[in-house]
Number of protein chains: 6
Amino acid sequence: MTGLTWTDDDQQRYLAIRDDLTQVSTASACQLLIADGWRNTWMNRLLPIRPLGLGTRIVGRARTCRYLMQRGPQPVGQRSPDARRASPEIALIESLEPGDIFCVDALGVPTAGIIGDILSARIKARGAGAAIIHGAVRDSPYIAELGLSVFCASVHPAHSGRDLVPVDFDRPIDMAGVQVLPGDIILADDEGAIAMPLHLAEHVARVGPPKERLEIWIRDKIVAGGTVPDYYPPSADKLAEYERETGERYGH
Amino acid sequence: MTGLTWTDDDQQRYLAIRDDLTQVSTASACQLLIADGWRNTWMNRLLPIRPLGLGTRIVGRARTCRYLMQRGPQPVGQRSPDARRASPEIALIESLEPGDIFCVDALGVPTAGIIGDILSARIKARGAGAAIIHGAVRDSPYIAELGLSVFCASVHPAHSGRDLVPVDFDRPIDMAGVQVLPGDIILADDEGAIAMPLHLAEHVARVGPPKERLEIWIRDKIVAGGTVPDYYPPSADKLAEYERETGERYGH
Amino acid sequence: MTGLTWTDDDQQRYLAIRDDLTQVSTASACQLLIADGWRNTWMNRLLPIRPLGLGTRIVGRARTCRYLMQRGPQPVGQRSPDARRASPEIALIESLEPGDIFCVDALGVPTAGIIGDILSARIKARGAGAAIIHGAVRDSPYIAELGLSVFCASVHPAHSGRDLVPVDFDRPIDMAGVQVLPGDIILADDEGAIAMPLHLAEHVARVGPPKERLEIWIRDKIVAGGTVPDYYPPSADKLAEYERETGERYGH
Amino acid sequence: MTGLTWTDDDQQRYLAIRDDLTQVSTASACQLLIADGWRNTWMNRLLPIRPLGLGTRIVGRARTCRYLMQRGPQPVGQRSPDARRASPEIALIESLEPGDIFCVDALGVPTAGIIGDILSARIKARGAGAAIIHGAVRDSPYIAELGLSVFCASVHPAHSGRDLVPVDFDRPIDMAGVQVLPGDIILADDEGAIAMPLHLAEHVARVGPPKERLEIWIRDKIVAGGTVPDYYPPSADKLAEYERETGERYGH
Amino acid sequence: MTGLTWTDDDQQRYLAIRDDLTQVSTASACQLLIADGWRNTWMNRLLPIRPLGLGTRIVGRARTCRYLMQRGPQPVGQRSPDARRASPEIALIESLEPGDIFCVDALGVPTAGIIGDILSARIKARGAGAAIIHGAVRDSPYIAELGLSVFCASVHPAHSGRDLVPVDFDRPIDMAGVQVLPGDIILADDEGAIAMPLHLAEHVARVGPPKERLEIWIRDKIVAGGTVPDYYPPSADKLAEYERETGERYGH
Amino acid sequence: MTGLTWTDDDQQRYLAIRDDLTQVSTASACQLLIADGWRNTWMNRLLPIRPLGLGTRIVGRARTCRYLMQRGPQPVGQRSPDARRASPEIALIESLEPGDIFCVDALGVPTAGIIGDILSARIKARGAGAAIIHGAVRDSPYIAELGLSVFCASVHPAHSGRDLVPVDFDRPIDMAGVQVLPGDIILADDEGAIAMPLHLAEHVARVGPPKERLEIWIRDKIVAGGTVPDYYPPSADKLAEYERETGERYGH
């Protein structure tokens, strides 16, 4: 429950599945997880500001930050670089490692933008794979051009301090209906983003790609005139046809 | 009240108006229907995943399917092709005729996708004109590329069984604030979709195109500097000008 | 409190700042206004139907119109041109001056479109800079192609008379959480629209452009590897670096 | 469109119907108005803080006040009595006449209370019939005990200045989906409040009471075992029975 | 899927459990059903207009009716008693049997009241156990006094025809997030209403009462100073204590 | 930022103000805090299940617990007392001290009840002053009779495990728009609950009671016929009158 724990072994396991995971759509992964009883892995309506394109997927490790409502008056004057460095969202950004996914729980608040052009540029410079904001972002026209994938609920031109204040980082957060822990594996594409622990990511990386290949074969059959009762899911006959035609075995 | 009743005569009447109806925007059709006391014909915020393009319109016959919330545990194991064939949404898909519009009342539930890539591909293969989902779809990045127009309220990567179950088809349904009966005529463009019974579709097909032509003429006059009090709606003088310039008579 | 009061002096002051204001994003302007205690200047989620493009901004003078819910039955038959001319929304449209921003408070009602193709064309012909609708528009596919920037909350194919009626113009209105007075200065880009009185617009026009230039310099430093604690906001050292590199002085 | 216009003749007409109107429930009145094409007369979900009791109804004349969002910083320091006197909501309160209904359009904003204990006490002291707030009130525990009927959407302990500012009074306003004009007649009971112009109030006062009497007779028949097809609405036979039993004639 | 099927055997089974079921709170029943994988049995926020009182529960058989949005103009003039008799909601009301629960899916629409004083009186006269409306009711002040338990989402003074029209009865419906079939068993108290098929009602009637008795014993221990880890759920020791003190056996 | 820090000195300071604080309504306290720039202290719409009664106020120390969405399948079987004891919400309940306020951030989720009859009974037995749930409770009919004040957003018969899981306690949480820290001082009455740090509670306890006394005096004057411009806020004359009549000095 305290901070990010990520061992060298975790890193090895993650690297071993990363490429396989990019072969799985969020739709297929979400469905595999539900089949295992994991209902809540998709972040509701946190969508990319600019489409990634069909088939493009982002995989990375969740780094988390949490905001709460601002209580008192906004601080006046400029904070020192040291104070700035200690602020949770800055501490997190400055500790991002290549491929990390910057995940912010801003309570879904639509009235203040958590990151703008400059923080987004820094997140990109740190090598992050994406930023996902349960809330709003600002400078969205610029962010759309930046080359960093940013998922969010809405846009607002004010900065976060209008209503929110960061309270901690690398702890469990709520991302639009999903519990996300630091070190979770994120998979995202144009349908949104899902989070899962590493051991489930390994499961998805193992059973997802053959499932995707089977489904593409089914889709081709359907396009060629096959019927749903025959092919989706495939009858035993059709599964045999699949194995015959492709040389793959499925679900054994 | 029981199922789709569609006679040969209905078919003749439908074919007789189909092309005229594509000359009418949903905005013009909606307004004509309101003028006759039909307030609720537009499906609130069910919009195309990918724009059709200005002037492109879809016309077809409504085929309806209704989902309700799943109550018990999800069925385990694979259902037989016969059971699959009997499931309402599959029975409907497999009975679609060219030009039909696949209309699903999924209660607007945003947490489960009613159709994904494979069912969409089958709906297209059956020759359907469009699919309209009062709820969510999944595999939306693929669907956007498929070439079938799909209108929906939202996207979600889970399949329908996460929360919903189909209960019947070709019966009256609620499509985001519109009562839709099987056999209704659907008209859709980038502003959304409206439903109306055949006899009103005939009315719209008759009075809509001359109304569209008049409004384009008005718009051209406005672009050329005409004022709203003079041209919109046109004064008697301006209506005479219209008839003189175009050789058309309007509203006689 | 009564109508638009706009003197020659106001016009001079406005023309003197118009170009400078277009150098400021809504994000920067919104933030400057918040710093002065003006929390509510951004119209929540009134966004352009078609993107303007990064860096394109609209500046103009607010002209306001207010709708309320229709109470009784809709009037039957055609109104005379004189009655039409006297209707608040038409009176306002016909009095628009080049660069004015047509602002409509339609209570955010999503079930009726305030303007369609013809009124939009007239607003454009009058030389307006944009139309902003706290509510819905109709004929949105056409409007998207028209060349007039239209910001709104939603689309609906019905016209305003389905549910709404105009009651007055050039008086204070609510634009999605912002109090807008006739004669306010509007600044809009792809992140939405903000409203402010002329004297604050002068403030933004004065301090905004140097702030934008500084932030672009910061962003370039960040892209080149600078850290947030060093550059955002810039430490005294970095500010000196900025002044040295650019020859600009900031915040003195 | 400008302020309250209320002639001696209006006053006479109003006094002539006031008592009859209190015999009509909001449900019956609402229905009579819809039958005449007046769909929007009931203020959505503005309900009394404390129940009035079955059969208790409030009738009065609407006095209206409008708030918009606060824009700039809140004024510092105490305003002079003269400034206070000129503020729209105070000017309205101090001009209330016995039986007036204090109606405030606060945009439905739930984050600031428009009236608290002291203003409510003053409204009561002025002899007002009720206060209806499209928004929140504060000091609600006290108001519930005060003896003034207050209808509102919600409660909030902050005063109005947290987010709102009054802009004008005795002009048309939106009361939760109803257009209310100063001088409208308000009818309210535990099901909420409706607004209508004087001439429709006269209609309701004339046809409402006999309709109420007929419906009570129907209800008694139903309680005694009568069926819906026989009695509701009554068949010609049953209507004759009504007239025979009560000596009243209905709908002639 | 067609209409109510309810055999004499069903009736016997129902009578055999009815009294036991009234010993179970909706909270306990809901939890037992979730434990069996039935997530969606509670009708979201359909609450009684007037509290039933702690410990009072209603048990009955669901009779269902479905409304959809009104499409065209409202019918003018009075319908014949035969037409009225054939209308789905009237046909259902006139066929209610003692103890039935009148369940209406009105899409949750808040702008029209499904039943008022007269229909409620008739439902009561038919011996119904309760009416549950997924939508609004009218004449709520009267209904609160009537002595029929009515659960609903909101109140509105207009009758259903303002926006809705009944389409069928005794078919599957959506009750605020619950799929309800005709013949389902309803259990309701001040926390709301749940629906379940007869065989699950038998399960709840069997395991619910001993569970309630155990929980009351636990509660008493807690009130007397017992701790949560000891008593809730009870450790093996404490369960033995329960069995010793009460002579009951639990969960064997 | 870690857990509850509460020194003996804090305890002394708290005891010194507790009684004075109960003389201040949430409305007055909220307003005093806003005047100091603390906008967000009131928990939006978390209201008592059963009214406390006019003038009754609860004061206590916040103890906080946070839930997030359940991710995986619900655990099967019974947990050991040790595991139960370690669960965050149980650990917190078992560590409550007399007068503590049990504050739960359940994300406002309406589909699962955080506490029911047994946990509420235990919270009461621990001497807590109240429970406040940003989410739902179950067994609400029983809780209403229990004698513990429970504030919440809604009710639901399912227990928390249907959708939620506790993650930590005595850390900062979001309570319906308010940042609450463990050790904050809570003030609650029938208008809801506010949170503030101890030093602000001291401020409210000092300036609140004289403000309440002045406002009651004002209210009495208003009831007796005084006008708003004269008395609210009081003019210098009226303030002198207050001091003369009551012997109190105000605001010096």
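Considering F:ARG18, F:ARG45, the condition of being within 16 Å of F:ILE101 (Cα to Cα), under 15 Å from the mean Cα position of the chain (by Cα) and charged (D, E, K, R) is satisfied by F:ARG18 alone. When each of C:THR7, C:THR22 is tested for being out of contact with any Pro (no Cβ under 8 Å at 6 or more places or on another chain), crowded, with 16+ Cβ neighbours inside 10 Å and more than 11 Å from chain D (Cβ to nearest Cβ), the lone residue that passes is C:THR22. Every condition in (1) surrounded by fewer than 23 Cβ atoms within 10 Å (Cβ to Cβ); (2) out of contact with any Ser or Thr (no Cβ under 8 Å at 6 or more places or on another chain); (3) of a type in the set (D, E, K, R) holds for B:LYS211 except the one numbered (2). Among the residues of region C:43-64, is there at least one that is within 14 Å of chain D (Cβ to nearest Cβ) and farther than 30 Å from A:PRO73 by Cα? Yes: region C:43-64 contains one or more residues that are within 14 Å of chain D (Cβ to nearest Cβ) and farther than 30 Å from A:PRO73 by Cα.
Considering only residues in region C:48-84 that are of a type in the set (S, T, N, Q), out of contact with any helix residue (DSSP H, G or I) (no Cβ under 8 Å at 6 or more places or on another chain) and modelled with pLDDT under 95, the one that is surrounded by the fewest Cβ atoms within 10 Å (Cβ to Cβ) turns out to be C:SER80. Whether a residue is in a helix (DSSP H, G or I), within 11 Å of another protein chain (Cβ to nearest Cβ), out of contact with any Cys (no Cβ under 9 Å at 6 or more places or on another chain) and not β-branched (Val, Ile, Thr) was assessed, and D:LYS211 does not pass this test. The residues listed here are E:ARG171, E:ARG122; of these, the one that is among the basic types (Lys, Arg), more than 22 Å from E:LEU68 (Cα to Cα) and modelled with pLDDT of 95 or more is E:ARG122. Please pick out the residue among C:LEU92, C:LEU96, C:LEU107, C:LEU15 that is part of a loop (DSSP other than H, G, I, E, B), under 20 Å from C:GLY129 (Cβ atoms) and hydrophobic (A, V, I, L, M, F, W, C). Step by step, each of C:LEU92, C:LEU96, C:LEU107, C:LEU15 is checked, and only C:LEU96 is part of a loop (DSSP other than H, G, I, E, B), under 20 Å from C:GLY129 (Cβ atoms) and hydrophobic (A, V, I, L, M, F, W, C).
Scanning region D:94-108 for residues that are of a type outside the set (Asp, Glu) and surrounded by fewer than 24 Cβ atoms within 10 Å (Cβ to Cβ), we see that the one that is nearest to the other protein chains (Cβ to nearest Cβ) is D:LEU107.
The single condition among (1) under 22 Å from C:LYS124 (Cβ atoms); (2) exposed (fewer than 14 other Cβ atoms within 10 Å of the Cβ) that C:TYR14 does not satisfy is (2).
Restricting to region A:216-250, and then to whatever is of a type in the set (Gly, Ala, Ser) and away from chain B (no Cβ under 11 Å), can you tell me which residue is surrounded by the most Cβ atoms within 10 Å (Cβ to Cβ)?
A:ALA240
I'd like to know if region F:36-46 contains one or more residues that are assigned to a loop (DSSP other than H, G, I, E, B), at pLDDT 95 or above and farther than 27 Å from D:LEU164 by Cα. Within region F:36-46, none of the residues are assigned to a loop (DSSP other than H, G, I, E, B), at pLDDT 95 or above and farther than 27 Å from D:LEU164 by Cα. Each residue in region B:123-175 was checked for being at the interface with chain A (Cβ under 10 Å from one of its Cβ atoms), of a type outside the set (D, E, K, R) and assigned to a loop (DSSP other than H, G, I, E, B), and 3 of them qualify. Taking the criterion of being acidic (Asp, Glu) and within 31 Å of the chain's Cα centre (by Cα), the residues of region C:195-250 that qualify are C:GLU202, C:GLU212, C:GLU215, C:ASP220, C:GLU248. Looking only at region C:194-204, decide whether some residue is out of contact with any helix residue (DSSP H, G or I) (no Cβ under 9 Å at 6 or more places or on another chain), on the phi < 0 side of the Ramachandran plot, away from chain D (no Cβ under 14 Å) and of a type in the set (A, V, I, L, M, F, W, C). Looking through region C:194-204, none of the residues is out of contact with any helix residue (DSSP H, G or I) (no Cβ under 9 Å at 6 or more places or on another chain), on the phi < 0 side of the Ramachandran plot, away from chain D (no Cβ under 14 Å) and of a type in the set (A, V, I, L, M, F, W, C). Here F:LEU68 passes the criteria (1) under 30 Å from A:ALA86 (Cβ atoms); (2) free of Cβ contacts under 8 Å to residues at least 60 places away in the same chain; (3) within 14 Å of chain A (Cβ to nearest Cβ) except the one numbered (2).
To keep it simple, each residue is scored yes or no on (1) more than 30 Å from D:GLN31 (Cβ to Cβ); (2) polar (S, T, N, Q); (3) touching a Lys or Arg at 6+ places or on another chain (Cβ under 7 Å).
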{"residue": "E:VAL137", "(1), (2), (3)": "no, no, no"}
{"residue": "E:PHE151", "(1), (2), (3)": "no, no, no"}
{"residue": "E:SER160", "(1), (2), (3)": "no, yes, no"}
{"residue": "E:ARG171", "(1), (2), (3)": "no, no, yes"}
{"residue": "E:LEU187", "(1), (2), (3)": "yes, no, yes"}
{"residue": "E:LEU198", "(1), (2), (3)": "yes, no, yes"}
{"residue": "E:PRO210", "(1), (2), (3)": "yes, no, no"}
{"residue": "E:ILE218", "(1), (2), (3)": "yes, no, no"}
{"residue": "E:VAL223", "(1), (2), (3)": "yes, no, no"}
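The lone criterion from (1) touching a Gly at 6+ places or on another chain (Cβ under 8 Å); (2) farther than 22 Å from F:ARG18 by Cα left unmet by F:ALA128 is number (2).
Taken over region B:76-89, the criterion of being assigned to a loop (DSSP other than H, G, I, E, B) and free of Cβ contacts under 8 Å to residues at least 60 places away in the same chain is satisfied by B:VAL76, B:GLY77, B:GLN78, B:ARG79, B:SER80. Of all the listed residues (E:ALA27, E:ALA35), the sole one being within 14 Å of chain B (Cβ to nearest Cβ) and among the small types (Gly, Ala, Ser) is E:ALA35.
Among the residues of region C:28-41, those identified as within 13 Å of the chain's Cα centre (by Cα) and more than 26 Å from D:ARG171 (Cβ to Cβ) are C:ALA29, C:CYS30. Just so you know, in region D:179-190 the residues that are within 8 Å of another protein chain (Cβ to nearest Cβ) and surrounded by fewer than 24 Cβ atoms within 10 Å (Cβ to Cβ) include one that is nearest to C:GLN179 (Cα to Cα), and it is D:GLN179. Contact map, region B:109-133: first residue closer than 25 Å to A:GLY177 by Cβ, second residue of a type outside the set (S, T, N, Q) and assigned to a helix (DSSP H, G or I), Cβ cut-off under 6 Å, separation 6 or more or different chains; pairs are B:ALA112/B:ARG162; B:ASP117/A:ARG219; B:ASP117/B:TYR142.
The values are calculated or read from the model by the stated rules, or taken from the named source; none is laboratory data. Predicted, not measured: the structure shown is a model, and the values here were computed from it. FYI the Cβ positions are ideal-geometry reconstructions off the backbone, even for glycines, and counts take in every protein chain you see.
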